[in-house]
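Please read the structure below before turning to the comments.
The values are calculated or read from the model by the stated rules, or taken from the named source; none is laboratory data. Predicted, not measured: the structure shown is a model, and the values here were computed from it. Quick reminder, even Gly has a Cβ in these numbers, built from the backbone with ideal geometry, and neighbours come from all protein chains shown.
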Amino acid sequence: MAISERDRLVLPLLLAIMLLVTPGTAMAAPGEFDLERGAWQSTRVDPAQEGDALSECLDRILRSSRLAGAQIGITVRDAETGEVLYARGDEARLVPGSTQKLLVAAAALEILGPDYRFQTTVLTDGEQRGEILAGNLYLKGTGDPTMLPRRYEELAAVLAGHGIRSVEGKLIADDTWFDDERLHPDWSWTDGSSSNAVEISALTVAPGQDLDIGTVIVEVRPGAEPGAPVDVALVPQTGYVTVENRAITAPGGTQESIAVERRRGTNVIVVSGRLPQDSDGTAEWVAVREPTGYATAIFRDALARQGIAVQGETSFGPTPAGARVLAQLESPRLADIVIPFLKLGNNGIAEILVKTMGRERRGEGSWEAGLEVVEQYLASVGVNVATLRLRDGSGVSRLNLQTAGELTWLLFAVQREDWFPAFYEALPVAGPPDRMEGGTLSTRLRFTAAQGNLRAMSGTAPGVSTLSGYVTSEGGQRLVFTLLINNYVGEPPKSIEDAVAVTLAEFRPSPGTKSRHR
């Protein structure tokens, strides 16, 4: 639903009536943030005793010497009315990091719907004659990020259930639902083997429940004795990648120096360095080159385990019209997929969703088409898209730009959507150790008023540190906020973000407290 400028002014009043949000549980907080010590003091300013204490506290936090020379954008709104309670640099265009995923999740839930499901299908252009399938076998994907190795096993088992034991033709991978641009042009080539910048395909496989699509887990454990090669295992076990093991087992107590990298332009993974014998081992997620071939290799191995031999080679191409469906799997609902997407800050799912929106709305599974759809949705809920630059879905691109003011408006506006509960529940929660609850915030803000209360996306990249979400104040006021910090020097200023979060969680507005904007 498009929102005019007049509607944007009226919407807060409507939301005050319509909004139904369950507040988080506030917990006792230890006090005020000491900028010099970088810690909390036992005595804090009591907002009930100060006329404009929120602004004073946030001003003091953001004057930290750690932010000298940095760019800061922050906006705090009342979640019920949309009133701006505090803003500083809220119109500055800054690199958002993973808070970019908030835009993509909201757009996907609206455009695709919370009940949307991806499909992976096995088809044939031939006929079954007894145990022989006379024709080609097609594996067609639509971007399902939940395709684990066991799900390819399920597809193979269905074919075995049909009595097929031999395929006379080829195994043909059909990934044409998306375009063939695997890596975004903005992403650094040095991230080639990193699980943070995987190749995107409509056919893919994830090694585990975190849904890190297009990756393989390399597990490294000590060998039998010092001087022996380390033991290396792949999850899933596949011949699609090759391991070159150069690492050795070192005596107990030795400093670990294991490196796991994929040689650029190949699927050769090199393991090097030293692993002490008393180590419990280590595991690295490595992005695989050409995920379509990876997924198809996993499926071909599954067919073999089910007693089905494919006589022809593996190739790539579209499924012909009229091909007959032999087996099909559907993904869980999108409302379930956004949980690992947002909780874990999953970059691959972000890009899958962007290309899926492009395919569903524009008939083109590309970044360009998908981001146009995202931008159109943002404009429809009143976001001033002229202030933004969208380059990818995950926030990996350093060319993405957002403003704190518009991102906070989006978080305010989506509260009226039917799918908002799924969006809200998928956000990381401060403090809980369970990764599928706390997510990227599971170790932060424990024993503060923000624990179990704050729900937000965080972002971290060189020179970029961001936090954006929802928190309930001690006064029972629901708050929406965004903090974007760019161009700092040194370690990410997470303690500054935490100080802001706790200040908001402790806030108890006094009568007559006015909004602050500058």
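Have a look at 300, 246, 274 and point out the one that is more than 27 Å from the chain's Cα centre (by Cα), basic (Lys, Arg), in the same structural domain as residue 144 (by TED's automatic domain parsing) and modelled with pLDDT of 95 or more.
300
Taking residue 443, is it without any contact (Cβ under 8 Å) to a residue 24 or more places away in the chain, assigned by TED's automatic domain parsing to the domain that holds residue 79 and within 22 Å of the chain's Cα centre (by Cα)?
Taking the combined requirement at face value, the residue satisfies it.
From 324, 362, 389, grab the single residue that is under 28 Å from residue 418 (Cβ atoms) and surrounded by fewer than 18 Cβ atoms within 10 Å (Cβ to Cβ).
362
Take segment 247-260 and flag every residue that is surrounded by 17 or more Cβ atoms within 10 Å (Cβ to Cβ) and more than 16 Å from residue 224 (Cβ to Cβ).
258, 260
Assuming residue 312 fulfils every condition listed in (1) small (Gly, Ala, Ser); (2) surrounded by fewer than 22 Cβ atoms within 10 Å (Cβ to Cβ); (3) touching a helix residue (DSSP H, G or I) at 6+ places or on another chain (Cβ under 8 Å) apart from one, which condition is it?
(3)
With respect to residue 405, is the statement that it is within 18 Å of residue 465 (Cα to Cα) and either modelled with pLDDT under 95 or not polar (S, T, N, Q) (or both) true?
yes
Going through 374, 383 one at a time, which residue ends up being crowded, with 22+ Cβ neighbours inside 10 Å, at pLDDT 95 or above and touching a Phe, Trp or Tyr at 6+ places or on another chain (Cβ under 8 Å)?
Checking each option against the conditions leaves just 383.
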